[in-house]
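A.B. asks: If you scroll down you'll find the structure; I have some questions about it.
Bear in mind these aren't lab numbers, they're just calculated from the coordinates by the rules spelled out. All values reported here derive from a predicted model rather than from experimental measurement.
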Amino acid sequence: LHRDLGKELINHNARRIPVEQHKLNLFAVLCIEVAHYVAFVKCQKQQEQHEWLFFDSMSDRIHNEKNIPLVDRVPDFEKWIETAGKDNYFFLDLDDLRKQARPSSQKFTENDMRRLRLFRDGAFFFYENSSVNYQ
């Protein structure tokens, strides 16, 4: 089927094409653990100011029927990103605790659990081009 294509490839000369670099900014992370989805989303407060929010659609339940969503601020999000490479033992400890603990007996803070969700369950990372105006 592609018998002649090989000849073209052998005779093909490679040439360098300049690639323009763009800085991409993280603006959302979707985290998945089994069927439980949570998200971290960067929201603009004012011009040049933003904050990170945590969204959990199944934070709590009423009478085992209706999910109660939660939206909460995450003031330390950017610090988590900056220090992530230095905290390997932190994550190993939390992983071990998470394997042992049942939801009713978790031995770590809500903030630590969110941090663990971000780095262990982060599945989709959404970026935007910083040089493009999306408005």
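A.B. asks: List the residues, sorted by chain then number, that are 5 or more residues from His50 or on another chain and whose placed amide H is less than 5 Å from its amide H.
C.D. replies: Placed amide hydrogens put Lys45 under 5 Å from His50.
A.B. asks: Continuing with the same structure: For the stretch 40-54, in order, what is each residue's ³J(HN,Hα) by Karplus, 6.51 cos²θ - 1.76 cosθ + 1.60 with θ = phi - 60°, in whole Hz (x at glycine and Pro)?
C.D. replies: Calculated HN-Hα couplings, in order: 10, 10, 8, 10, 7, 8, 9, 4, 6, 10, 9, 9, 9, 10, 10 Hz.
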